[in-house]
1. Which numbered condition in (1) away from chain A (no Cβ under 14 Å); (2) surrounded by fewer than 16 Cβ atoms within 10 Å (Cβ to Cβ) is the only one that residue B:46 fails?
2. Does the stretch A:73-82 contain any residue that is within 14 Å of chain B (Cβ to nearest Cβ) and within 14 Å of DNA strand D (Cβ to nearest atom)?
3. Step by step: first the residues of the stretch B:14-25, then only those that are within 20 Å of residue B:82 (Cα to Cα) and surrounded by fewer than 20 Cβ atoms within 10 Å (Cβ to Cβ), then the one that is farthest from DNA strand D (Cβ to nearest atom). Which residue is that?
4. Return the residues of the stretch B:49-61 that are surrounded by 14 or more Cβ atoms within 10 Å (Cβ to Cβ) and near DNA strand C (Cβ under 6 Å from one of its atoms); say none if nothing qualifies.
5. Among the residues of the stretch A:49-70, which ones are part of a helix (DSSP H, G or I) and either within 14 Å of another protein chain (Cβ to nearest Cβ) or more than 6 Å from DNA strand D (Cβ to nearest atom) (or both)?
6. Return the residue satisfying two criteria in turn: it lies in the stretch B:1-13 and is within 11 Å of another protein chain (Cβ to nearest Cβ) and assigned to a helix (DSSP H, G or I), and of such residues it is surrounded by the fewest Cβ atoms within 10 Å (Cβ to Cβ).
7. Give the stretch A:18-43 a look and list any residue that's within 10 Å of DNA strand C (Cβ to nearest atom) and either within 14 Å of another protein chain (Cβ to nearest Cβ) or touching a residue at least 60 places away in the same chain (Cβ under 8 Å) (or both), or say none.
DNA sequence: CCAATACAGGACTATTATAGTACCATTTTT
DNA sequence: AAAAATGGTACTATAATAGTCCTGTATTGG
């Protein structure tokens, strides 16, 4: 079904929760309770998100986590990438390539797959965390394609 | 990694192989050998593809499989849908909804997820089987968004 | 009319990836 | 110094996937 993992789904909920109060420092226990997942699971995800550079963390008694960037500057690709690695639909798309792929006609398919993966990647990169917090924001993934005006 | 199953990858190779000779009838054994997968696996996939309406089949000694439609009229969504069900990145996106999703803020996320799934779906629907057979056809998924001129 | 071939459908097993948990170390505050 | 909270890693259990096999049905050819 071309699905993302359940943990990634949780991770996005966590990020969404943090995006609603970006300034304050949130402890893992508070986050776990707010999102509705077990504490060990929240811990694991928070570590991965911090390791991926999406969260700043502070240890100690009054420690916790907070977004490292503005919610507008964090996209779905960032979160998914931090939790599941680079986006690629097939094994050909990413780094390694399986054994029966070196035939000449399969290679043509491989090239096309990489483009499709890129298209999916761009679709996910077009949605920011800030947009996810808003109930029914009109997402403009296709309306404003990949040629994002970085001007 | 937002990946499709290995079987689906094989399935697309099978469809690509059949698209190169759409008129003739191809036996499962021939297909398995050409694509480079085990016969039982090929059988399974061919059944699913035929059941999904993408292949016409004929039984008997001179039986086999052939595309039911032109390669231009079959998209990646058709194949993936036949082999893995409807495209949806989260459990929220498709039919059923998990237990801890009924909170008010999660619902906002859910609505956004459905749109993202739709975007991915459209990206996959923009690539036809005919394009997959060509080595380096420029795919225009984002160039021609979802507002497909059905005129 | 019988035998061989090939698809149809489903059930079953094995493998692999994911999810989830627990432990120990390190840092900061009181 | 003690408590609280994150950092890192290893481990176990669960679930999804991959792969195989068996029985039934239709078609061709002798």
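1. (2)
2. Yes.
3. Selected residue: B:19.
4. As a first pass, look at the stretch B:49-61 and keep what is surrounded by 14 or more Cβ atoms within 10 Å (Cβ to Cβ): B:49-50, B:52, B:54-55, B:57.
Residues satisfying the conditions are B:50, B:57.
5. Narrowing the stretch A:49-70 to residues part of a helix (DSSP H, G or I): A:49-51.
Answer for the stretch A:49-70, where residues must be part of a helix (DSSP H, G or I) and either within 14 Å of another protein chain (Cβ to nearest Cβ) or more than 6 Å from DNA strand D (Cβ to nearest atom) (or both): just A:49.
6. The selected residue is B:6.
7. Step one: of the stretch A:18-43, the residues within 10 Å of DNA strand C (Cβ to nearest atom) are A:32, A:37-43.
Hits for the stretch A:18-43 are A:32, A:37, A:38, A:41, A:42.
Every residue, every condition in (1) under 19 Å from residue A:131 (Cβ atoms); (2) modelled with pLDDT of 95 or more; (3) surrounded by fewer than 16 Cβ atoms within 10 Å (Cβ to Cβ), yes or no:
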site: A:67; (1), (2), (3): yes, yes, no
site: A:73; (1), (2), (3): yes, yes, yes
site: A:80; (1), (2), (3): yes, no, no
site: A:87; (1), (2), (3): yes, no, no
site: A:99; (1), (2), (3): no, no, yes
site: A:103; (1), (2), (3): no, no, yes
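The values are calculated or read from the model by the stated rules, or taken from the named source; none is laboratory data. Treat the numbers as computed from the prediction; the structure is a model and nothing was measured. Reconstructed Cβ throughout: ideal geometry from the backbone, glycine too, with neighbour counts over all protein chains shown.
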